[in-house]
Amino acid sequence: MSFLGISANSVHLGDARHVLPKFLATGLKSSVKLCYLDPPFNTRGSQSTRGHYRDHRTTGGWAGLMREVLRSVHSLLREDGSLWLHVDANELGTARVLCDELFGADNSAGIITWERTRRPAYLHGQMSSVTDFILVYAKDRSKLPPFTEGITKPGTRTPLAHRGNRVVELTFPPNTVRFNCSDGTYMAGNHSSPGIDAHLVKDVNVSGGRNTTWLHMTLPSRYSAAKVDLLISDGAEFVIPKVPFRISYVAPGGRPKLVTNLWSWQLSGMETNEDAARQQQELFPGRPFPSAKPEGLLRRILSLASEPGDVVLDCFAGSGTTAAVAQQLGRRWIAVEENRQTLDGYLRPRMSNLLDNGSETEVRTEVHL
């Protein structure tokens, strides 16, 4: 399949600043669902390199490089597409300013903090850094689907009272609240505790473990009154376990669960750079590609932000992890790599070997000088 001259599942040799504008003249414009960028982090040592890449630009030089790339990426993305820009702390601020400028601050979908290593390095004078950051921006946030994985568990309780929130009055019709305390009539009055200012506004009757009259309470609420009314109309379950009254929303479960912005090996088994090093050693024994990202990281990003058949673009392709994972997940992919040594030694053989294993697709390589 092609996009009026640009083939899906293709590798392009050249500087992304020069290659991407050529894509804009083709049918690829507004066709990319997901763009993942893992540029040099600009660690700024006078002769620093990152793999085969120069990594010692000035901040202005790095910003100039990324501004050109991001401008083209914005035009290549679908209206419901997203950019995932991977940086460390060196240029996080610059990256945020650039993305706000070119995509619009309102189109920021969040910043993911990825715990990149299990082995902290103690090179910094004040603290050890163990995280990278992935800035996520939508082409048009109003059209970007939520990023979900898994489903909510049934029975999870969420207290409506939330310390520090605005105090509102919530009302519950008869038979909408389950009580785990004794039946009887509970008189209006104070149900506060340290940090929670809560009051039962009117007497309420409880029989058979349910309120048989309207329940009126004021409390610092996690949800607005309108939101609670909507939950009630949808048949949501609420429970009060004891006195003083604390109302909890009982989740029905089975609903898509939003992904969080903390991706940690300690909390969720997220792959780290140690996993990437092991994967690289298996792929390229004795000559692993430095600075490669783990396949598990890319698998999660692609699974969250694209569907089978969608086009995934990587403008700093390196050893081809994005393209390899995209191929495995049934996405169409386009990889841009500026260094011929990287392309010939890592990216092209990796993808050719992968495609030889049961795929009828060939890797098409184009050179843009």
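Val130: net charge of surrounding residues, Cβ under 10 Å, Lys/Arg +1, Asp/Glu -1, itself excluded?
+1
Please give the solvent-accessible surface of Trp214 in Å², to the nearest 10, using a probe radius of 1.4 Å with every protein chain present.
Taking all protein chains as shown, Trp214 has close to 130 Å².
What value in Å³ per residue do you get for the convex hull of the alpha-carbon atoms in the chain?
Per residue, the Cα convex hull of the chain comes to 178 Å³.
Can you give the Rg to Rh ratio of segment 158-257, both from alpha-carbon atoms, with Rh computed by the Kirkwood formula?
0.94
Just to be sure I understand: with springs between alpha-carbon atoms less than 10 Å apart, which residue in Asn261, Asn90, Asn190 has the highest mean-square fluctuation in the Gaussian network model of the chain?
Asn190
Go through Arg246, Arg141, Arg163 and list them by solvent-accessible area, largest first, probe radius 1.4 Å. Working shown, then result.
On the way: Arg246 60, Arg141 130, Arg163 160 Å².
From most exposed to least exposed: Arg163, Arg141, Arg246.
Rounded to the nearest 500 deg cm²/dmol, what is the calculated helix-only ellipticity per residue at 222 nm for the chain, with -39500 (n - 2.57) per DSSP H run of length n ≥ 4?
One gets -7500 deg cm²/dmol as the mean residue ellipticity at 222 nm.
Defining a contact as two alpha carbons under 8 Å apart and six or more residues distant in sequence, what relative contact order in percent does the chain show?
22
How large is Rg/Rh for segment 72-125, to two decimals, with Cα atoms and a Kirkwood Rh?
1.07
Could you please report the charge total around Val19, scoring K, R as +1 and D, E as -1 over all other residues with beta-carbon less than 10 angstrom from its beta-carbon?
Values: positive: Arg17, Lys22; negative: Asp15, Glu337, Glu338, Glu366.
Charge balance near Val19 sits at -2.
Counting heavy atoms of the protein chains only and a 1.4 Å probe, report the per residue accessible area for segment 115-155 as a whole number of Å².
I get 67 Å² per residue for segment 115-155.
Could you work out Rg/(2.2 N^0.38 Å) for segment 215-369, with Rg from alpha carbons only? Mind dumping the intermediate values first?
Details: Rg = 23.9 Å, N = 155, 2.2 N^0.38 = 15.0 Å.
So the Cα radius of gyration is 1.60 times the expected 2.2 N^0.38 Å.
Within the chain, what's the longest stretch lacking GluC sites (Glu not before Pro) that sit in DSSP loops with no more than 13 other Cβ atoms inside 10 Å?
After excluding every exposed loop site, the longest remaining stretch is 1-359.
Please compute, for the alpha-carbon atoms of segment 83-170, the extent along each of the three principal axes and give them in descending order in Å.
Answer, in whole Å and largest first: 52, 34, 30 Å.
I'd like the accessible area for Lys293: 1.4 Å probe, protein heavy atoms, all chains in place, Å² to the nearest 10.
Ignoring ligands and nucleic acids, Lys293 comes out at about 20 Å².
Going from most exposed to least, what order do Asp310, Asp203, Asp100 have by accessible area with a 1.4 Å probe?
Values: Asp310 20, Asp203 75, Asp100 45 Å².
Most to least solvent-accessible, the answer reads Asp203, Asp100, Asp310.
Filter Lys139/Lys227; Lys33/Lys293; Lys153/Lys242; Lys29/Lys257; Lys202/Lys242; Lys153/Lys293 down to the pairs with a C-alpha to C-alpha distance above 27 Å, please.
The answer is Lys139/Lys227; Lys29/Lys257; Lys153/Lys293.
FRET efficiency for Asp183 and Arg255, Cβ-Cβ distance as r, R0 = 30 Å, nearest 0.05?
0.40
At what distance in angstrom do the alpha carbon centres of segment 297-357 and segment 170-224 lie from each other?
56
Would you work out the charge dipole size for the chain about its Cα centre, treating the Cβ of every Lys and Arg as +1 and the Cβ of every Asp and Glu as -1, and quote it to the nearest 20 debye?
With Lys and Arg at +1 and Asp and Glu at -1, about 460 debye.
At 1.4 Å probe size, what's the solvent-accessible area of His12? Round to the nearest 10 Å².
0
Order the following by accessible area, largest value first: Phe147, Phe172. Probe radius 1.4 Å; ligands, DNA and RNA are ignored. Please report the intermediate quantities before stating the final value.
Numbers: Phe147 30, Phe172 0 Å².
Solvent-accessible surface, decreasing: Phe147, Phe172.
The values are calculated or read from the model by the stated rules, or taken from the named source; none is laboratory data. Predicted, not measured: the structure shown is a model, and the values here were computed from it. When we count neighbours, we look across all protein chains shown, and the Cβ atoms used for this are built from the backbone with ideal geometry, even at glycine. Just so you know, the surface numbers come from the protein's heavy atoms only, side chains and all, with ligands and any DNA or RNA stripped out. Shrake-Rupley method; radii C 1.70, N 1.55, O 1.52, S 1.80 Å.
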